[in-house]
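Worksheet: the structure to be examined is printed underneath.
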Amino acid sequence: MTGSKYKTVALVVAAGQGSRAGGDLPKQFRRIGGKAVLTHAVDAFSAHPAVDAIMLVIGAGQEEVVASLISDGQVAAVVQGADSRRGSVRAGLEAIAAAGGPDRVLIHDAARPFLPPVVVDRLLKALETAVGAVPVLPVADTLIRGIEDHIGEVVDRSNLFRVQTPQAFQFRAILAAHRNWDSGRDATDDAQMLRERGHDVTLVDGDERLEKLTYPQDFSRAETWLSSQRTTRVGMGYDVHRLAIGEELWLGGVQIDHDRGLSGHSDADVAIHAIVDALLGALAEGDIGSHFPPSDPQWRGAASSRFLQYAGARVAHRNGRIDHIDLTIICEAPKIGPHREAMRVRISEILAIPVERVSVKATTTERLGFTGRREGIAAQAVATISLPALF
């Protein structure tokens, strides 16, 4: 990362333990909608065209789990944080400065996974004339002061706001605020530190979707909300290949010992091809032939697992989730029953989904047609996926 290359860097702080959220995992690694909280936050910045790079601050010993949750090249650098949030942010800012320093930085808590791009737009617009900007929400509830267990005076809420992240700053100004902060004091957020250095911090409209995940009930509420924001898609795939002497027989990603094998595109795994078409159909992204033309010699003899991995990655690229795969293989021979579980396991491995989401069935055509004459094998598949609604 160099200062001349990046204008805006997102600094995602994910070094906390999140003990109040319950469970064995830090809250930033817990899953919502099939994806880790941290991944949601990183993906949101990755998708925003004004964010040039992402820096991630994590806790000690979290490198392996973090690497499993983010895509290669998605994050410019990963830095180990400190015992406090302020210390972790400082570590991230220093790492960014050492790499040259951008013009602007967006400092964000990973525990706020749902980041609408419009909030980033508002913050960066505010930085055109301000040193710092934060998203806020008005306080809607009546506020009171408590006197032991009794109601005290009502607090005027007309000028009270709830502060969210990301908070946006001119990089040099917030770096100086951190470097000059009294190390004996704590700071609840970065805007407070900048304000104490004499800078005004602009308020922009926040968003209810940016609420921080802190307690167990927050995760339940987020899961419910996310489910309501998703749409279910169903795709169907169908494929046929002829049986030929001298060919290997691959079905459902499993090699089967048989007197003949399937001939055709790649290794001619008709079952995998049907699933690929079903997934691409659910995405409305064409069919296997449009992505892997049979006329292209590079796919001759290729393992069909590569095509299935690609289709699964296309779903992931759309922030989708594969909910179920239902595969039916149509043939007289070989018998599918002895290989059914191995196929389920292999398909689940390729798609990185639980095996419980994969169904493999088989049937015959009562000796009718080309499959009944044992001239070929057919397969049909139905894929059910869910995609998030756009913010």
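Could you rank the peptides 304-311, 63-70 by their average count of other C-beta atoms within 10 Å per residue, with the highest value first?
Ranking, from highest mean packing down: 304-311, 63-70.
Mind counting lysine pairs for me in the chain? Cα separation below 19 Å, and the two need to be 8 or more apart along the chain or on different chains.
For the chain, qualifying lysine pairs total 5.
Label points 7 Å out from Cα along the Cβ direction at residue 361 and residue 180: separation in nm?
Output for this residue pair reads 7.1 nm.
Restricting attention to the alpha-carbon atoms of segment 8-228, what are Rg (one decimal) and Dmax (integer), both in Å?
Using the Cα atoms of segment 8-228, the pair Rg, Dmax is 17.5, 55 Å.
To the nearest 20 Debye, how big is the dipole of the chain about its Cα centre, given +1 on the beta carbon of each Lys and Arg and -1 on that of each Asp and Glu?
With only Lys, Arg, Asp and Glu charged at Cβ, the dipole is about 200 debye.
Given C-alpha coordinates of the chain, what is the ratio Rg to Rh with the Kirkwood estimate of Rh?
Rg/Rh: 1.11.
What is the order of 236, 193, fewest Cβ neighbours within 10 Å to most?
Ranked by crowding around the Cβ, least crowded first: 236, 193.
With 10 angstrom as the radius, rank 181, 250 by how many other C-beta atoms surround their C-beta, starting from the fewest.
181, 250
How big is D for segment 196-272, in µm² s⁻¹ as a whole number, if Stokes-Einstein is applied with the Kirkwood radius of its Cα pairs at 10 °C and 1.306 mPa s?
The Stokes-Einstein estimate is 86 µm²/s.
If you place +1 on the Cβ of every Lys and Arg and -1 on the Cβ of every Asp and Glu, how big does the dipole about the Cα centre of segment 230-388 come out, in debye to the nearest 20? Show your work: numbers first, answer last.
On the way: 18 positive and 19 negative charges, 73 e Å.
About 360 debye.
Go through 145-152, 28-35 and give me the packing order, highest mean Cβ count within 10 Å leading. Write down the numbers at each step before the final one.
Details: 145-152: 7.8, 28-35: 19.9.
The peptides rank, most packed first, as 28-35, 145-152.
What order do you get for 211, 285 when you list them from fewest to most C-beta neighbours inside 10 Å?
The most exposed by this proxy come first: 285, 211.
Using the Kirkwood formula over every pair of different C-alpha atoms, what hydrodynamic radius in Å results for segment 301-391?
It works out to 14.6 Å.
At 0.36 nm per residue, and after removing the present C-alpha to C-alpha distance, how many nm does the segment from residue 332 to residue 291 gain when stretched out fully?
Length gained, residue 332 through residue 291: 11.7 nm.
For segment 230-388, just the Cα set please: Rg and Dmax, both in angstrom.
14.8, 47
Bear in mind that the values in this text are calculations on the coordinates, not laboratory data. In this text the structure is predicted, and so the values were computed from the model without any measurement. Methodologically, a virtual Cβ is constructed for each residue, glycine included, from the backbone with ideal geometry; neighbour enumeration extends over all protein chains shown.
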